[in-house]
Amino acid sequence: MKNNILLSCVIAMCSVIAPAQNNSLKLGVRLGGGISVSKDMGKVLVPEDYYSNYEFKDKMQVIPSIGVYAHYHKAGSLFGADGGIVYYQKASKLHYADNMELNYDVTTRYSHLGVEGMFRFYPWRKGFSVSAGGRIAAVLNPKGLHYDSNQEDEKFAAYAYGSASETERIMREKLTGRPDVAVGGGLGYEFGHWLIDARYFYGVTSGIKTEINDFNWIDRNIHSHNIELSVSYLFDL
């Protein structure tokens, strides 16, 4: 009798443990990075054709991305979802050069912390997925701007340019980072407890606000473009 009761308990325990091992809800920890660029910053600094013989170039920057989120996908289902907390950066470098050999770089690197939600479609019901969704985040360092220039060289003394450090201080005060609202999508592949994602995010809201100034800088929509590659480990819940 005791053996039958013990056997019944073992069977009952196995019946409880088995579904838990195939839990559809998991905790994901994501680590990744990518590239980011925000275009048209030059049109903020030089909004009209005041002069010619110069050019602006927008350059991509390397960025990190970290997230902790809930991942849901029922075995054999076509659909799933992710949702959680994410940290990421939006960054870009604007390079200016003209025929007088003056050049400068304006580098913006804004850190963001917020929430992210993505829906997933599994065409083969497992493994490969297509995701779409968005994220909204606060900016942690609204003065994350760096300025570097050769304006202090002797050949520009006649123009009485200020120092590069003073120009940077003014730019940090007048060109500030803003909260981010972005939409995006990508491709993912899940195997075992691992999930690899390649995604693109477009900043719907302007990433920079131009405060009132005396330098003819204007407020203009500056949209970010982020391409991110990440690896997640999924813990059973």
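Per the conditions (1) at pLDDT 95 or above; (2) open to solvent by 50 Å² or more (accessible area, probe 1.4 Å); (3) more than 21 Å from the chain's Cα centre (by Cα), the sole criterion not satisfied by Ile35 is (3). Restrict the check to the range 50-60 and report whether at least one residue is within 17 Å of His223 (Cα to Cα), open to solvent by 30 Å² or more (accessible area, probe 1.4 Å) and of a type in the set (A, V, I, L, M). Yes, the range 50-60 contains at least one residue that is within 17 Å of His223 (Cα to Cα), open to solvent by 30 Å² or more (accessible area, probe 1.4 Å) and of a type in the set (A, V, I, L, M).
The set of residues in the range 115-132 being part of a strand (DSSP E or B) and open to solvent by 10 Å² or more (accessible area, probe 1.4 Å) consists of Val115, Glu116, Gly117, Phe119, Phe121, Phe128, Val130, Ala132.
Checking the stated criteria, Ser24 turns out to be surrounded by 10 or more Cβ atoms within 10 Å (Cβ to Cβ) and either out of contact with any strand residue (DSSP E or B) (no Cβ under 9 Å at 6 or more places or on another chain) or modelled with pLDDT of 90 or more (or both).
Scoring Ala137 on the criteria (1) within 18 Å of the chain's Cα centre (by Cα); (2) assigned to a helix (DSSP H, G or I) leaves a single failure, condition (2).
Among the criteria (1) on the phi > 0 side of the Ramachandran plot; (2) surrounded by 15 or more Cβ atoms within 10 Å (Cβ to Cβ), the one Tyr96 does not fulfil is (1). Of the set (1) under 23 Å from the mean Cα position of the chain (by Cα); (2) on the phi > 0 side of the Ramachandran plot, all apply to Lys209 but (2). Considering every residue within the range 197-207, establish whether at least one is open to solvent by less than 70 Å² (accessible area, probe 1.4 Å), touching a Leu at 6+ places or on another chain (Cβ under 6 Å) and in a strand (DSSP E or B). Checking the range 197-207: at least one residue is open to solvent by less than 70 Å² (accessible area, probe 1.4 Å), touching a Leu at 6+ places or on another chain (Cβ under 6 Å) and in a strand (DSSP E or B).
Conditions tested, residue by residue: (1) closer than 22 Å to Ser52 by Cα; (2) of a type outside the set (Asp, Glu).
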{"residue": "Ala75", "(1), (2)": "no, yes"}
{"residue": "Asp82", "(1), (2)": "no, no"}
{"residue": "Tyr88", "(1), (2)": "no, yes"}
{"residue": "Ala91", "(1), (2)": "no, yes"}
{"residue": "Leu94", "(1), (2)": "yes, yes"}
{"residue": "Gly117", "(1), (2)": "no, yes"}
{"residue": "Gly133", "(1), (2)": "no, yes"}
{"residue": "Leu145", "(1), (2)": "no, yes"}
{"residue": "Glu154", "(1), (2)": "no, no"}
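The values are calculated or read from the model by the stated rules, or taken from the named source; none is laboratory data. Owing to the predicted nature of the structure, the values given are computational and were not obtained by experimental measurement. Cβ: placed from backbone, ideal geometry, glycine included. Neighbour counts: every protein chain shown. Only protein heavy atoms, including side chains, enter the accessible area calculation; ligands, DNA and RNA are left aside. Shrake-Rupley method; radii C 1.70, N 1.55, O 1.52, S 1.80 Å.
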